[in-house]
1. Under 9 Å between Cβ atoms, which residue pairs at least 6 apart in sequence (or on different chains) link something in the stretch 219-234 that is among the acidic types (Asp, Glu) with a partner that is not in a loop (DSSP other than H, G, I, E, B)?
2. Could you grab me the full set of residues in the stretch 54-95 that are of a type in the set (Gly, Ala, Ser) and either surrounded by fewer than 19 Cβ atoms within 10 Å (Cβ to Cβ) or within 14 Å of the chain's Cα centre (by Cα) (or both)?
3. Any residue at all in the stretch 207-220 that's modelled with pLDDT under 95, part of a helix (DSSP H, G or I) and more than 19 Å from the chain's Cα centre (by Cα)?
4. Identify all residues within the stretch 55-101 that are within 17 Å of residue 28 (Cα to Cα) and not small (Gly, Ala, Ser); write none if there are none.
5. Pairs under 9 Å by beta carbon, first residue under 9 Å from residue 14 (Cβ atoms) in the stretch 74-97, partner assigned to a helix (DSSP H, G or I) and acidic (Asp, Glu), six or more apart or different chains?
6. Within the stretch 25-40, track down each residue that is surrounded by fewer than 19 Cβ atoms within 10 Å (Cβ to Cβ), touching a Phe, Trp or Tyr at 6+ places or on another chain (Cβ under 7 Å) and not charged (D, E, K, R).
7. From the list 202, 210, 132, 141, pick out the single residue that is under 27 Å from residue 10 (Cβ atoms) and hydrophobic (A, V, I, L, M, F, W, C).
8. Condition first: out of contact with any His (no Cβ under 9 Å at 6 or more places or on another chain), among the hydrophobic types (A, V, I, L, M, F, W, C) and over 30 Å from residue 232 (Cβ atoms). Now tell me which residues in the stretch 137-168 satisfy that.
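The values are calculated or read from the model by the stated rules, or taken from the named source; none is laboratory data. Fair warning: this is a prediction, and the values are worked out from it, not measured in the lab. For neighbour counting, all protein chains shown are included, and Cβ atoms are generated from backbone atoms with ideal geometry for every residue, glycine included.
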Amino acid sequence: MFKRILAFVYGVVCYLAFFASFLYAIGFIGNFGVPKSIDSGRQLPLTTALAIDIGLLGIFALQHSIMARQWFKKAWTRIVPEPVERSTYVLFSSLALILLFWQWQPLGGIIWSVDGIMERLALNTLYALGWITVLVATFLINHFDLFGLRQVWLYLSGKPYTSLKFGTPGLYRYIRHPLYVGWFLVFWSAPLMTSTHLFFAIATTAYILIAIQFEERDLVRLHPEYAEYRRRVPMILPTGSRQARETVEVQRQSA
């Protein structure tokens with residue numbers, strides 16, 4: 001029983017680390033309310049600052065991608081108990097983010113600055129909407145499983161872990177990755193777009209678009225029905241289902 005309690009406490013601590021880094025990220029990217037944000041800090045030579053930032057993003061990308069792959073999980077759970085595998089992933093992700101927040105270097109320079117009150121309000125609203133979308137998307141696919149709490153709770157309760165069934169709740173009926181749409185809104189809705197912020201937005205957007213390919217391969221292997229879902233539902237933009245477009249085309253040709 002002690003091992004179960006310890007695993008549960010560990011899972012809660014890992015979740016709190018995620019939640020703290022999530023809250024800090026809101027201020028870090030938005031340049032408000034935190035000791036160090038994306039555009040604050042001592043100005044280093046451009047090449048030095050850029051090398052550091054690339055390294056920090058690389059650490060996060062490699063950790064986030066490699067530890068999420070099924071082959072890594074199979075090997076990793078020989079060392080880390082399976083009930084806390086997801087919590088450990090969440091902890092490492094949070095530590096990678098904290099390192100990024102701590103060591104991030106500004107590059108200097110302004111790309112655009114929006115001064116109009118209504119325009120700034122619109123961009124800030126999109127920024128807030130992005131964070132809300134990210135959070136809502138996690139709850140639609142089971143927030144507590146995604147961040148490891150369900151796993152440690154079931155272990156504490158003495159119940160076996162059961163994988164989540166594939167489903168398309170809410171926003172997932174219209175686009176396959178509403179979570180990433182939320183992140184895009186967060187990255188790009190900036191009244192003040194500095195060179196630093198632009199570099200961050202481009203790098204993280206590119207990473208997400210690449211990571212989607214690996215994620216969807218895993219989803220097809222885990223959930224065979226995902227292949228049909230991917231055929232019918234657009235990835236990012238809700239442009240209407242492919243099936244609906246094919247039906248319209250058939251009707252047009254037979255008219």
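1. none
2. Matches in the stretch 54-95: 55, 58, 61, 65, 68, 75, 93, 94.
3. Checked the stretch 207-220: at least one residue is modelled with pLDDT under 95, part of a helix (DSSP H, G or I) and more than 19 Å from the chain's Cα centre (by Cα).
4. 56, 57, 60, 95, 97, 98, 99, 100, 101
5. 86/145
6. The answer is 26, 34.
7. Unique residue meeting the criteria: 141.
8. Within the stretch 137-168, 152, 153, 154, 156 meet the criteria.
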